[in-house]
Amino acid sequence: MSIRTNYEKWYEGDDYYWGTEPGSFLDELADLNPPSAGKKVLDIGCGEGKDAVYMAQKGYEVSAFDLTENGIRKTIALAETRNVRINAYVDDINSFDISEQYDIIYSTGTVQYLFDENKADFFRKLEKITRPDGVVFINVFVEKPFLELPPDWDKEEKMWKPGELFTYFADWKFERIDEVIFEDQSGGVPHYHCMDTIICRKIKEYVQTGTDAEKQVICFE
Ligand SMILES: C[S@@+](CC[C@H](N)C(=O)[O-])C[C@H]1O[C@@H](n2cnc3c(N)ncnc32)[C@H](O)[C@@H]1O
């Protein structure tokens, strides 16, 4: 069993550490890329599965991975209680290898586990496994000099620079970017996080006319 993250131990019990209510952005993602036959969602760092299960209930074919065996066990259990099926498995954001493509790729609270040397490769992979017109949601904790590290900060987590996440999606259409500071009670001690969020769309088709400087997008949506 993996001992790389404290979450393995925090997910041990029957209670759901993050609860079972879905995240607040999922309906927005579904509006941007509505479910239909064969539409696929990937949840990277799915925890105990609350969001992956919700997307399966909406009608997507859902795959989801997390580093923790306990998280995956509980994701599968939650899917069973909600009468949906999910392809949930243990994998590592630093080394996963996927050849399928997805319509929505979602990762909340997890990319801070990417090692610096894997960041560029991760975003190249993400581009490859997003279907044309597909939508990606990612958020990440960012450092602010006036905020302390959260008390349940994991030994492998790394704060990102404000705005850094957005630089990896320069060629995508931004549907939303924002940065918010919010209070959190996880771990039982109230604390603050600053979080950058991006929702962006992979453009369907580019046609190059003339020089690089004259590149035109002819098929925007
Ligand atoms: C803040 S939690 C978010 C969980 C879930 N997305 C949610 O919102 O409920 C971060 C998750 O990242 C997972 N994680 C940590 N390191 C990871 C890695 N290297 N690869 C994949 N998942 C990892 C943890 O096990 C944990 O479930």
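Laboratory data are not the source of any read-out in this text; all were calculated from the coordinates shown. Computed from a prediction, not measured in an experiment: that's the story for all the values here. All Cβ positions, glycine included, derive from the backbone under ideal geometry; neighbour counts span all protein chains shown.
Of note:
- Candidate set: segment 22-43, residues that are more than 12 Å from Tyr102 (Cα to Cα) and acidic (Asp, Glu); chosen: the one surrounded by the most Cβ atoms within 10 Å (Cβ to Cβ): Glu28
- Taking every residue in segment 91-102 that is among the β-branched types (Val, Ile, Thr) and pairing it with any residue that is more than 13 Å from the ligand (Cβ to nearest atom), at least 6 positions away or on another chain, the pairs with Cβ-Cβ distances below 6 Å are Ile98/Ile129.
- Within segment 128-137, at least one residue is within 13 Å of the ligand (Cβ to nearest atom) and closer than 23 Å to Ser63 by Cα.
- Meets criteria (more than 26 Å from Glu157 (Cβ to Cβ) and either within 7 Å of the ligand (Cβ to nearest atom) or free of Cβ contacts under 8 Å to residues at least 60 places away in the same chain (or both)) for Val84: yes
- A search for C-beta distances below 6 Å between a residue of segment 133-157 that is more than 17 Å from Val180 (Cβ to Cβ) and any residue that is within 11 Å of the ligand (Cβ to nearest atom) and part of a loop (DSSP other than H, G, I, E, B), counting only pairs 6+ apart in sequence or on different chains, returns Asp154/Thr5; Asp154/Asn6.
- Positions within segment 16-29 being away from the ligand (no atom under 11 Å from the Cβ) and within 13 Å of Ser107 (Cβ to Cβ), in sequence order: Leu29
- Hits in segment 146-167 - residues which are within 24 Å of Val189 (Cα to Cα) and away from the ligand (no atom under 13 Å from the Cβ): Phe146, Leu147, Glu148, Leu149, Pro151, Met159, Trp160
- Here Leu32 meets the list (1) more than 10 Å from the ligand (Cβ to nearest atom); (2) in contact with a strand residue (DSSP E or B) (Cβ under 9 Å, 6 or more places away or on another chain); (3) under 21 Å from Asp91 (Cβ atoms) almost entirely, failing just condition (3).
- Scan of segment 35-68 for residues that are touching a Ser or Thr at 6+ places or on another chain (Cβ under 8 Å), basic (Lys, Arg) and more than 15 Å from the ligand (Cβ to nearest atom), ordered by number: Lys40
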